[in-house]
Amino acid sequence: MALRNAPRALKPPLAATDVVERLDLLEKILRAQIEIHHRLLDFIQRKKEAIRTANLAQIESLCQQENVVAQKLTALEKHRLELVGQLTHVFQPKADRPLTMTEIATRLPEPQQGRLTALAIQLRDDLTRVKQQSSIVRAAAETLARHMSGIMQTVNSALGKARVYGQRGRLVVGTQVQTIVDFKS
C-alpha cells in the first residue's frame with residue numbers, strides 16, 4: 001500500500017521520437033475533432049428543419065445520432081487532454097497548468113507550428129459555431145414545446161367542462177375527460 005504523502009515516482013522524460021509521435025497524434029485528433037464538429041453542425045441544421053416542421057420523430061432520431069457523435073468527441077477530447085499534459089511536461093516540466101494548443105505550437109518548428117496553430121484556430125471557431133447554433137436550436141425547441149403544450153392545453157380545455165384561468169394564468173380544467181386527438185389526420 002502506497003503512503004499518501006510519499007513522493008510520486010518521476011516519469012522518465014519522453015524520447016524525441018515519442019514527442020514527434022505524440023505531436024502527430026495530436027494533429028490527427030484535432031482533425032478528427034474538427035470533422036466531428038462539422039457533423040454536429042449538420043445535425044443542428046437538420047434539427048432546425050425538423051423543429052420548423054414539428055417532426056418530433058426526426059428530432060428524437062437526430063438527438064440519438066448526435067449523442068453517439070458527442071460521445072466520440074468526448075473520448076477524443078480526453079485523449080487530446082492527455083497528450084497536451086504529456087507535451088506540457090516535455091516543453092515546460094514545472095508548469096502549474098497544461099499548455100494551450102497555441103503555446104505548444106509556438107515551441108515547434110515550421111511547418112508543424114503553422115499546421116497546429118491553424119488546426120487549433122479552426123477547432124476553436126467550429127466550437128464557437130456549434131455552441132451558437134445549439135443555443136438557437138435549444139431556444140426553438142423550447143418554443144415548440146411551449147407551443148405544443150399550449151395546443152394540448154387548449155384542446156384539453158375545449159373538451160373539459162370548466163374553462164377558467166388559474167392563479168398562474170393558465171387554463172385550468174375542472175374535470176378530466178378521457179379523449180384521444182389525432183393530430184395527423
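The values are calculated or read from the model by the stated rules, or taken from the named source; none is laboratory data. In this text, all values refer to a predicted model and were calculated from it rather than measured experimentally. We place every Cβ from the backbone using ideal geometry, glycine too, and count neighbours over all the protein chains shown.
Tabulated values for the structure
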item	result
Output for the range 73-88, where each listed residue is surrounded by 15 or more Cβ atoms within 10 Å (Cβ to Cβ) and either among the aliphatic types (A, V, I, L, M) or farther than 15 Å from residue 26 by Cα (or both)	73, 76, 83, 84, 87
Filter result for residue 121 (among the β-branched types (Val, Ile, Thr) and in contact with a helix residue (DSSP H, G or I) (Cβ under 8 Å, 6 or more places away or on another chain))	no
Members of the range 55-94 that are out of contact with any helix residue (DSSP H, G or I) (no Cβ under 9 Å at 6 or more places or on another chain), in a helix (DSSP H, G or I) and among the basic types (Lys, Arg)	78
Yes/no for residue 137 being under 24 Å from residue 56 (Cα atoms), at pLDDT 90 or above and either surrounded by 12 or more Cβ atoms within 10 Å (Cβ to Cβ) or acidic (Asp, Glu) (or both)	no
Per-region count, the range 39-68, residues in contact (Cβ under 8 Å) with a residue 40 or more places away in the chain and surrounded by 14 or more Cβ atoms within 10 Å (Cβ to Cβ)	7
Single condition residue 153 does not satisfy, out of (1) closer than 20 Å to residue 42 by Cβ; (2) touching a strand residue (DSSP E or B) at 6+ places or on another chain (Cβ under 8 Å)	(1)
Subset of the range 95-129 that is of a type in the set (Ser, Thr, Tyr) and in a loop (DSSP other than H, G, I, E, B) - its residue that is nearest to residue 28 (Cα to Cα)	100
Residue in the range 161-171 that is modelled with pLDDT under 70, more than 23 Å from residue 37 (Cα to Cα) and charged (D, E, K, R) present	yes
Scope the range 92-106; condition exposed (fewer than 15 other Cβ atoms within 10 Å of the Cβ) and over 25 Å from the mean Cα position of the chain (by Cα); matching residues	93, 94, 95, 96, 106
